[in-house]
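Student: Submitted below is the structure of interest, expressed as structure tokens.
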Amino acid sequence: IPFFKTFCIYFILWLPEAENPSILAAVIKILPILFLCGFVIMQGVSLSANHDYNRRILLGLIFSLFGDIFIVWEHSHFNFGVVSFGVAHLLYATAFGFEPLNFIVFLALLVPSVHTYCLYLPNLEGFLIGAIGGYMLMITIMIWRAITGLQVSLRGQTWQWTKLSSCIGAMSFGISDLILGVNKFYLPIPFARVIVMITYYGAQLGITLSSFTVNQGKIEKAKK
């Protein structure tokens, strides 16, 4: 509920960012992510192996939070935002796991990713030439791991809706970044910021919900 309330507040206030960045704009922007962090913490983030997934998701949200702040001041801190979100994608990917690999899915995602990077390349310079390429590789890997995780769930005996949630979240993240990148580095897209933020918050919500945990011990006792 706090997430959806702050989500609505963000779009109601619709404070300028790149044109007139402010601390208030940054705070309003990160509030939904802060509440998602709280949701993950409620699921458990101890140092035990059982909470390894949740810890990585939480760290990914924290790096995303910093990325959001940097991009509010994108004229001077956009590079830091790219790095922050790149680390977030790497953390999400490691949370989703690397078994099985399924390189066919990776190659299917890599081809359009490379093509998109080639569209951006003429408008990239300096640090961004490598940073954007590395970032796109990280999000491609993240989506790849989310999809393979869903495949494992579909083949298993028990359906895991959390795997579907992470997969939808990862793909939504890809759509958000695609709109952002095309609008910034290739050609203007009408209502780009609206589309980017709706898909972005949806992505973070989906990935966060994948951390939802149920006390399996209580379920087994109930069945008996």
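Student: Looking at 162, 116, 148 in this structure, which one is touching a residue at least 60 places away in the same chain (Cβ under 8 Å) and of a type in the set (Val, Ile, Thr)?
Tutor: 116
Student: I've got another one for you. Please indicate, with yes or no, whether at least one residue in the stretch 195-210 is at pLDDT below 95, in contact with a Ser or Thr (Cβ under 7 Å, 6 or more places away or on another chain) and either under 22 Å from residue 103 (Cα atoms) or open to solvent by 40 Å² or more (accessible area, probe 1.4 Å) (or both).
Tutor: No; the residues of the stretch 195-210 include none that is at pLDDT below 95, in contact with a Ser or Thr (Cβ under 7 Å, 6 or more places away or on another chain) and either under 22 Å from residue 103 (Cα atoms) or open to solvent by 40 Å² or more (accessible area, probe 1.4 Å) (or both).
Student: Which is within 21 Å of residue 56 (Cβ to Cβ), modelled with pLDDT of 95 or more and either touching a strand residue (DSSP E or B) at 6+ places or on another chain (Cβ under 7 Å) or open to solvent by less than 40 Å² (accessible area, probe 1.4 Å) (or both), of 179, 141, 168?
Tutor: 141 is the lone residue from the list that is within 21 Å of residue 56 (Cβ to Cβ), modelled with pLDDT of 95 or more and either touching a strand residue (DSSP E or B) at 6+ places or on another chain (Cβ under 7 Å) or open to solvent by less than 40 Å² (accessible area, probe 1.4 Å) (or both).
Student: Condition check: open to solvent by less than 60 Å² (accessible area, probe 1.4 Å), within 17 Å of residue 177 (Cβ to Cβ), free of Cβ contacts under 8 Å to residues at least 24 places away in the same chain and in a helix (DSSP H, G or I). Does residue 84 satisfy that?
Tutor: Yes, satisfied.
Student: Could you look through the stretch 91-109, keep only residues that are closer than 25 Å to residue 209 by Cβ and open to solvent by 80 Å² or more (accessible area, probe 1.4 Å), and pick out the one that is modelled with the highest pLDDT?
Tutor: Selected residue: 98.
Student: Is it true that some residue in the stretch 110-118 is open to solvent by 60 Å² or more (accessible area, probe 1.4 Å) and of a type outside the set (A, V, I, L, M, F, W, C)?
Tutor: yes
Student: I'm trying to understand the selection: among the residues of the stretch 4-23, which are open to solvent by 100 Å² or more (accessible area, probe 1.4 Å) and aliphatic (A, V, I, L, M)?
Tutor: Listed by number, the residues that qualify are 12, 23.
Student: Looking at the structure I just gave you, is residue 53 open to solvent by 50 Å² or more (accessible area, probe 1.4 Å), in contact (Cβ under 8 Å) with a residue 60 or more places away in the chain and of a type outside the set (A, V, I, L, M, F, W, C)?
Tutor: Against the criterion (open to solvent by 50 Å² or more (accessible area, probe 1.4 Å), in contact (Cβ under 8 Å) with a residue 60 or more places away in the chain and of a type outside the set (A, V, I, L, M, F, W, C)), residue 53 qualifies.
Student: Collect the residues in the stretch 4-26 that are assigned to a helix (DSSP H, G or I) and closer than 16 Å to residue 191 by Cβ, keeping them in residue-number order.
Tutor: Within the stretch 4-26, 10, 11 qualify.
Student: Still on this structure, please answer the following. Only one of these conditions is not met by residue 189: (1) modelled with pLDDT of 95 or more; (2) open to solvent by less than 70 Å² (accessible area, probe 1.4 Å); (3) in a helix (DSSP H, G or I); (4) over 22 Å from residue 65 (Cβ atoms). Which number is it?
Tutor: Going through the list (1) modelled with pLDDT of 95 or more; (2) open to solvent by less than 70 Å² (accessible area, probe 1.4 Å); (3) in a helix (DSSP H, G or I); (4) over 22 Å from residue 65 (Cβ atoms), residue 189 breaks only (3).
Student: Consider residue 35 carefully, then state whether it is in a helix (DSSP H, G or I), open to solvent by 20 Å² or more (accessible area, probe 1.4 Å), within 28 Å of residue 185 (Cβ to Cβ) and at pLDDT 95 or above.
Tutor: no
Student: Take the residues in the stretch 152-165 that are out of contact with any Lys or Arg (no Cβ under 9 Å at 6 or more places or on another chain) and open to solvent by 50 Å² or more (accessible area, probe 1.4 Å), then tell me which one is modelled with the lowest pLDDT.
Tutor: 157
The values are calculated or read from the model by the stated rules, or taken from the named source; none is laboratory data. Every value quoted in this text rests on a predicted model; they were computed, and no experiment measured them. Positions of Cβ are backbone-derived with ideal geometry, glycine not excepted, and every protein chain shown enters the neighbour counts. Heavy atoms of the whole protein, side chains included, go into the accessibility calculation; ligands, DNA and RNA do not. Shrake-Rupley method; radii C 1.70, N 1.55, O 1.52, S 1.80 Å.
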